[in-house]
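So the structure is just underneath, and the comments pick up after that.
The values are calculated or read from the model by the stated rules, or taken from the named source; none is laboratory data. Note that the structure is a prediction, hence the values are computed from the model and not measured. We place every Cβ from the backbone using ideal geometry, glycine too, and count neighbours over all the protein chains shown. Keep in mind that these areas ignore ligands, DNA and RNA; they rest on the heavy atoms of the full protein, side chains included. Shrake-Rupley method; radii C 1.70, N 1.55, O 1.52, S 1.80 Å.
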Amino acid sequence: MPAKGASAAVAAFHAPGAGHAPDVLVVGGGIIGLGVAWRAAQRGLAVAVADPDPGGGAARVAAGMLAPVTELQYGEEPLLRLGMASNERYAAFAAELTELTGLDTGYRATGTLAVALDSDDREELRELHAFHGRLGLASTWLTGRECRRLEPMLAPGVRGGLHVADDHQVDGRRLAAALVAACALAGVVFHRAEAVELLVEDGRAAGVRLSTGERVAAGRTVLAAGSRSHLLPGLPDGVLPAVRPVKGQVLRLRMPTAHGPFLSRNVRAVVRGQHLYLVPRADGELVVGATTEELGHDTTVTAGGVYELLRDAHELVPGITELPLVETGAGLRPGSPDNAPLLGPTALADLAAATGHYRNGVLLTPVTADLLADYLATGELPPLASDFTPDRFAPKVPA
């Protein structure tokens with residue numbers, strides 16, 4: 001259907017800056033920053049976003065798995081609660097974006113199948129299944145034959161697996177485009193330039209200076225610049241812990257459509273100790289990822305990375321090497337010291353954080369947007385975010 005208010009969205013996107021300081025300035029126009037900006041504007045706040053390319057960032061590379069259950073690791077129960085809360089909001093979040101903008105987000109309630117390729121992997125999945133049971137999570141144990149009945153293209157050597165019906169997917173690129181349009185329709189002002197300095201006045205964050213030389217004042221500032229959030233010049237030492245970049249290389253292939261689906265749901269496995277996932281899109285795209293590399297802000301696609309992904313994917317789904325390879329890419333996951341997000345107020349007055357989401361940025365977009373918008377509108381951070389405040393890394397002062 002045609003986009004509702006599409007011409008208005010385009011006009012707002014290119015509108016000049018407002019004549020007065022916004023209530024909120026979001027530094028970073030990836031899906032996290034855009035989600036926060038959109039929800040804050042819906043709460044009646046005047047909002048601006050500073051980013052040279054709104055809608056870019058790690059989500060343009062991410063596969064878009066919404067998998068709080070199959071990605072669960074021991075000791076991550078607070079992160080699980082946050083991820084489950086976000087996953088429960090996703091269908092309505094995506095539907096609202098599509099209703100407002102006419103743009104499809106690629107949200108699909110496909111489920112996820114996590115499989116084991118050898119006996120050791122099978123035992124590990126068995127332990128994870130038991131852990132799910134202790135936490136009251138819904139996952140179903142399947143034999144290798146039952147896995148192949150669900151996904152006939154799986155390798156004959158698959159030993160077993162877990163089916164999680166509520167672990168879904170969204171297309172990060174489509175989601176970003178819809179959020180840009182939704183922000184514009186909500187009156188968010190875009191400053192298409194890089195923030196090069198945080199302005200601090202009288203002990204509070206007062207906005208930023210842009211690469212154009214323009215100073216953008218704001219009542220409150222939100223750092224949502226991914227792995228560069230703590231690198232913003234002017235940010236006082238100790239206000240935000242380091243957010244490191246973790247490189248992930250991803251492949252995009254094209255599946256045949258003439259003889260039924262090549263894969264019908266997300267498939268993931270551990271191959272040679274490395275996590276691998278395959279995410280089939282409704283339009284025939286198949287996303288394969290991702291490597292995990294701690295190499296600073298390098299986003300080079302390497303022959304080794306492509307080889308490793310194809311090699312491991314072929315072990316899981318042998319027919320994959322017959323598919324056309326249409327795109328390679330690399331993005332940077334923003335990892336906090338404990339790989340959990342940084343949400344809410346910092347030690348600097350009027351400065352909040354929405355970063356450090358590591359491998360869960362796409363999954364946590366709806367809940368991050370809601371939590372930060374609530375904080376910005378009321379001054380109170382909802383209890384769901386209490387385990388993720390930036391001050392959890394501050395040195396403990398003896399009583």
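Just for region 129-142: of the residues that are touching a residue at least 40 places away in the same chain (Cβ under 8 Å) and in contact with a Leu (Cβ under 8 Å, 6 or more places away or on another chain), which one is surrounded by the most Cβ atoms within 10 Å (Cβ to Cβ)?
Step one: of region 129-142, the residues touching a residue at least 40 places away in the same chain (Cβ under 8 Å) are 131-132, 135, 137-139.
Filter once more, keeping what is in contact with a Leu (Cβ under 8 Å, 6 or more places away or on another chain): 131-132, 135, 137, 139.
Details: Phe131: 15, His132: 19, Leu135: 14, Leu137: 18, Ser139: 24.
The qualifying residue surrounded by the most Cβ atoms within 10 Å (Cβ to Cβ) is Ser139.
A quick yes/no check of all residues on (1) touching a strand residue (DSSP E or B) at 6+ places or on another chain (Cβ under 6 Å); (2) under 30 Å from Asp374 (Cα atoms):
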position	(1), (2)
Leu231	no, yes
Pro236	no, yes
Pro241	no, yes
Pro245	yes, yes
Val287	yes, no
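Taking region 60-83 as the search range and keeping residues that are open to solvent by 10 Å² or more (accessible area, probe 1.4 Å), outside any loop (DSSP other than H, G, I, E, B) and of a type in the set (A, V, I, L, M, F, W, C), which one is farthest from Arg209 (Cα to Cα)? Among residues in region 60-83 that are open to solvent by 10 Å² or more (accessible area, probe 1.4 Å), outside any loop (DSSP other than H, G, I, E, B) and of a type in the set (A, V, I, L, M, F, W, C), the one farthest from Arg209 (Cα to Cα) is Leu80.
Residues in region 304-325: is at least one of a type in the set (Gly, Ala, Ser) and in contact with a helix residue (DSSP H, G or I) (Cβ under 7 Å, 6 or more places away or on another chain)?
Going residue by residue through region 304-325, those that are of a type in the set (Gly, Ala, Ser) are 304-305, 313, 319.
Still in the running and in contact with a helix residue (DSSP H, G or I) (Cβ under 7 Å, 6 or more places away or on another chain): 313.
Yes - at least one qualifying residue is present in region 304-325.
For region 143-161: of the residues being open to solvent by 20 Å² or more (accessible area, probe 1.4 Å) and in contact (Cβ under 8 Å) with a residue 24 or more places away in the chain, which is nearest to Pro261 (Cα to Cα)? Checked region 143-161; the qualifying residue nearest to Pro261 (Cα to Cα) is Met153.
One line per residue, one yes/no per condition, for (1) among the aliphatic types (A, V, I, L, M); (2) within 20 Å of the chain's Cα centre (by Cα):
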site: Leu137; (1), (2): yes, no
site: Ala155; (1), (2): yes, no
site: Gly161; (1), (2): no, no
site: Gly172; (1), (2): no, yes
site: Gly187; (1), (2): no, no
site: Ala195; (1), (2): yes, no
site: Leu235; (1), (2): yes, no
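Return the residue satisfying two criteria in turn: it lies in region 39-59 and is part of a helix (DSSP H, G or I) and either open to solvent by less than 50 Å² (accessible area, probe 1.4 Å) or among the hydroxyl-bearing types (Ser, Thr, Tyr) (or both), and of such residues it is farthest from His129 (Cα to Cα). Reasoning before the result, please.
Step one: list which residues in region 39-59 are part of a helix (DSSP H, G or I), which gives 39-42, 58-59.
Checking which are either open to solvent by less than 50 Å² (accessible area, probe 1.4 Å) or among the hydroxyl-bearing types (Ser, Thr, Tyr) (or both) leaves us with 39-41, 58-59.
Details: Arg39: 36, Ala40: 39, Ala41: 41, Ala58: 30, Ala59: 29 Å.
So the residue we want is Ala41.
If you go through region 229-269 one residue at a time, how many are basic (Lys, Arg) and open to solvent by 50 Å² or more (accessible area, probe 1.4 Å)?
Total meeting the criteria: 2.
Note on region 84-103: residues that are buried (at least 17 other Cβ atoms within 10 Å of the Cβ) and part of a loop (DSSP other than H, G, I, E, B) amount to 1. Residue count for region 197-228 satisfying the condition of being without any contact (Cβ under 8 Å) to a residue 40 or more places away in the chain and open to solvent by less than 40 Å² (accessible area, probe 1.4 Å): 1. Looking only at region 215-271, which residues are closer than 17 Å to Asp350 by Cα, assigned to a strand (DSSP E or B) and of a type in the set (S, T, N, Q)? Result: Thr221, single match. Those strands (runs of 3 or more DSSP E) of region 307-399 in which 2 or more residues are closer than 30 Å to Val250 by Cα and open to solvent by 10 Å² or more (accessible area, probe 1.4 Å) occupy 325-335.
Quick check, is Val189 at pLDDT 95 or above, among the aliphatic types (A, V, I, L, M) and buried (at least 24 other Cβ atoms within 10 Å of the Cβ)?
no
Would you point out which residue out of Gly29, Gly33 is in a helix (DSSP H, G or I), modelled with pLDDT of 95 or more and open to solvent by less than 20 Å² (accessible area, probe 1.4 Å)?
Working: Gly29 fails: in a helix (DSSP H, G or I).
Unique residue meeting the criteria: Gly33.
For Ala165, the test of being open to solvent by 10 Å² or more (accessible area, probe 1.4 Å), modelled with pLDDT of 95 or more, touching a helix residue (DSSP H, G or I) at 6+ places or on another chain (Cβ under 9 Å) and within 26 Å of Gly284 (Cα to Cα) is failed. Among residues of region 65-91 that are more than 21 Å from Ile31 (Cβ to Cβ) and in contact (Cβ under 8 Å) with a residue 24 or more places away in the chain, those with a Cβ under 6 angstrom from a residue that is outside any loop (DSSP other than H, G, I, E, B) and acidic (Asp, Glu), sequence gap 6+ or separate chain, pair up as Pro78/Asp387.
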